[in-house]
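Encoded as structure tokens, the structure appears first; notes follow it.
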Amino acid sequence: MAALQPVRGTHDLLPDEARRHRHVEERAFAITSLYGFGEIVTPIFEFTDVFARTLGDTSDIVTKEMYTFTDKGGDSLTLRPEGTAGVCRAFISGGLAQHLPLKLFYRGPMFRHERPQKGRLRQFHQVGVELLGVEKPDADVEVIAMARHLLDDLGIGSHTTLEMNTLGDVESREAYRKELVAYLSDHLGGLSEDSRNRLAKNPLRILDSKDDGDRKIVANAPLLSQHLNEASRDFFAKVQEGLNALDVPFSVNERLVRGLDYYGHTAFEFTTTALGSQGTVLAGGRYDTLISTMGGPQTPGIGWAAGVERLSMLSAELGQQMEPPPRPVALLPMGEAAQRHALKLSGQLRRLGIAVEMGYSGNLGKRMKRADKARASTAVILGDDELAKGVATVRDLDSGSQEEVALEALVSRLRGK
RNA sequence: GCGGGCGUAGCUCAGUUGGUUAGAGCGCCAGGUUGUGGUCUUGGAUGUCGUCGGUUCGAAUCCGAUCGCUCGCCCCA
């Protein structure tokens with residue numbers, strides 16, 4: 001037990017859990033397909049710069065959570081902590097600008113070196129989307145509605161709520177930032193240590209602080225919404241109108257600030273109370289400056305990412321039933337001639353799309369037991385007696401009734417089941 | 001990175017104020033039924049009591065360290 005342990009914060013997915021996990025990914029893929037998204041697969045590691053430059057020098061991800069290592073060639077590489085930076089890098093290196101607008105879906109493992117908790121692992125999985133090349137608020141509406149659609153599809157829609165905010169465009173944000181810093185500087189003494197550190201680097205984050213002292217100060221702080229220029233205000237209004245038109249409920253949370261530097265305009269977050277303190281289930285926002293910052297052509301983007309483990313836990317806890325895998329037919333050959341015959345039969349049946357479970361060894365009783373455990377619907381007993389008569393015994397495992405069926409008729413008989 | 005709780009069989013857990021051979025249920029294996037499962041019944045196996053060290057005549061039990069899990073903080077999916 002102590003000898004061989006998985007690396008801290010990593011987790012094996014055994015078949016039952018893996019199935020649920022896969023279900024989430026497949027539904028996400030299916031739903032996003034309905035909106036015209038196609039899958040992109042990017043490497044799980046990139047040059048460290050890809051993340052360090054884009055996520056922001058002050059983000060927690062960059063300062064303390066990255067899995068960074070030096071490879072044999074001396075390059076600094078990092079296991080991807082999130083998906084957007086890699087997708088944008090692929091967009092630039094692949095010269096995809098000529099295919100805009102681009103709707104991309106991705107899924108796969110992400111890595112963050114932090115203290116594991118319920119719904120938080122060091123290797124975890126996300127599904128996410130990026131819509132590139134559309135600067136109009138229609139894109140925001142579509143992408144957010146799609147997120148709602150997915151959560152509903154997974155049966156957790158009623159347990160999640162959508163909060164949104166706008167961070168405005170660069171001009172609005174800079175103007176606000178100045179005023180916020182001025183206000184907070186006047187109240188420096190009351191701020192927590194964390195927040196004092198954030199003041200110079202990323203003051204907007206202080207709005208989101210959970211520290212009581214900070215909250216009191218923040219309560220009277222100037223609001224971003226009052227510093228939005230007309231374009232930013234108009235943009236946010238259009239997003240809200242669109243969501244209303246689609247009957248996607250939301251509330252505006254002025255203190256919602258995303259953790260990564262590249263966001264502007266729309267920021268949103270679907271949260272739940274059913275997962276302890278890890279309440280965020282799906283989150284995203286607009287990033288119109290990211291690609292150009294990375295050295296690509298000025299290209300607007302909006303996207304979101306969702307934690308597969310969190311979605312999977314939620315759908316499990318809320319009792320959404322998984323479709324069980326198909327029930328197999330169990331073949332129970334007794335004797336060598338029967339074994340050969342059953343082997344052939346298993347091949348035929350499987351090629352017809354019928355699941356087959358073949359007992360590897362043991363007497364009939366043991367094989368029956370295994371057939372039962374495999375949830376087989378039917379057991380086909382093939383012994384020397386039967387073979388000599390040119391028949392097989394077909395037993396219905398639910399009713400317990402059985403009959404002899406001619407070998408020639410066996411395949412069509414089992415197919416009919 | 002910081003704080004609290006917890007590590008006993010494959011799983012869920014019990015184990016009295018330290019006292020001899022460490023228990024239950026479930027699961028697993030075998031018999032009852034040498035070719036008939038799911039029910040029933042009888043029996044059986046399985047533990048470096050997370051690890052290392054300390055206190056003690058004696059430690060699963062007390063102390064320390066360490067590893068892991070877990071909950072919360074920070075932050076996030």
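The table for this structure:
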item	result
Residues satisfying the stated conditions in region A:202-221, i.e. exposed (fewer than 14 other Cβ atoms within 10 Å of the Cβ) and farther than 17 Å from A:Leu256 by Cβ	A:Asp212, A:Lys216, A:Asn220
Residue check, A:Arg177 touching a Lys or Arg at 6+ places or on another chain (Cβ under 6 Å), closer than 26 Å to A:Gln240 by Cβ and open to solvent by 50 Å² or more (accessible area, probe 1.4 Å)	no
Subset tally (residues that are β-branched (Val, Ile, Thr) and part of a loop (DSSP other than H, G, I, E, B)) for region A:32-58	5
Of all residues making up region A:96-140, the number that are farther than 27 Å from A:Arg310 by Cα, assigned to a helix (DSSP H, G or I) and not acidic (Asp, Glu)	5
Where a residue in region A:340-354 is in the same structural domain as A:Ala409 (by TED's automatic domain parsing) and its partner, wherever it lies, is assigned to a loop (DSSP other than H, G, I, E, B) and open to solvent by less than 70 Å² (accessible area, probe 1.4 Å), with Cβ under 9 Å and at least six apart	A:Gln348/A:Ile354; A:Leu349/A:Ala355; A:Ile354/A:Pro328
Evaluation of A:Gln339 against (1) within 30 Å of A:His21 (Cβ to Cβ); (2) at pLDDT below 90; (3) not aromatic (Phe, Trp, Tyr) (one fails), failing number	(1)
Residue, modelled with the highest pLDDT, within region A:353-366, restricted to residues that are more than 16 Å from A:Gly400 (Cβ to Cβ) and within 13 Å of RNA strand B (Cβ to nearest atom)	A:Glu357
Criterion violated by A:Ser277 - all others in (1) surrounded by fewer than 21 Cβ atoms within 10 Å (Cβ to Cβ); (2) among the hydroxyl-bearing types (Ser, Thr, Tyr); (3) part of a helix (DSSP H, G or I) satisfied	(3)
Sole residue being open to solvent by 60 Å² or more (accessible area, probe 1.4 Å), part of a strand (DSSP E or B) and over 30 Å from A:Leu204 (Cα atoms), chosen from A:Phe69, A:Phe29	A:Phe69
Residue in region A:83-95 that is in a loop (DSSP other than H, G, I, E, B), within 12 Å of RNA strand B (Cβ to nearest atom), open to solvent by less than 60 Å² (accessible area, probe 1.4 Å) and within 21 Å of A:Gly296 (Cβ to Cβ) present	yes
Residue among A:Ala376, A:Ala392, A:Ala371 that alone is over 44 Å from the mean Cα position of the chain (by Cα) and not assigned by TED's automatic domain parsing to the domain that holds A:Glu82	A:Ala392
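Residue by residue, here is whether (1) out of contact with any helix residue (DSSP H, G or I) (no Cβ under 8 Å at 6 or more places or on another chain); (2) open to solvent by 40 Å² or more (accessible area, probe 1.4 Å); (3) more than 9 Å from RNA strand B (Cβ to nearest atom); (4) in contact (Cβ under 8 Å) with a residue 60 or more places away in the chain holds:
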| position | (1), (2), (3), (4) |
| --- | --- |
| A:Lys373 | yes, yes, no, no |
| A:Thr378 | no, no, yes, no |
| A:Val394 | no, no, yes, no |
| A:Ser399 | yes, yes, no, no |
| A:Glu403 | yes, yes, yes, no |
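Listed here are the residues, each with its yes/no results for (1) at pLDDT below 95; (2) within 8 Å of RNA strand B (Cβ to nearest atom); (3) more than 30 Å from A:Met368 (Cβ to Cβ).
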residue: A:Gly285; (1), (2), (3): yes, no, yes
residue: A:Ile291; (1), (2), (3): yes, no, yes
residue: A:Met294; (1), (2), (3): yes, no, yes
residue: A:Ile302; (1), (2), (3): no, no, yes
residue: A:Glu309; (1), (2), (3): yes, yes, yes
residue: A:Ser312; (1), (2), (3): yes, no, yes
residue: A:Ser315; (1), (2), (3): yes, no, yes
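The values are calculated or read from the model by the stated rules, or taken from the named source; none is laboratory data. Bear in mind that the values here come from a model prediction, so they are computed numbers and not experimental data. When we count neighbours, we look across all protein chains shown, and the Cβ atoms used for this are built from the backbone with ideal geometry, even at glycine. To get the accessible areas, we keep the full protein, side chains included, count just its heavy atoms, and leave off ligands, DNA and RNA. Shrake-Rupley method; radii C 1.70, N 1.55, O 1.52, S 1.80 Å.
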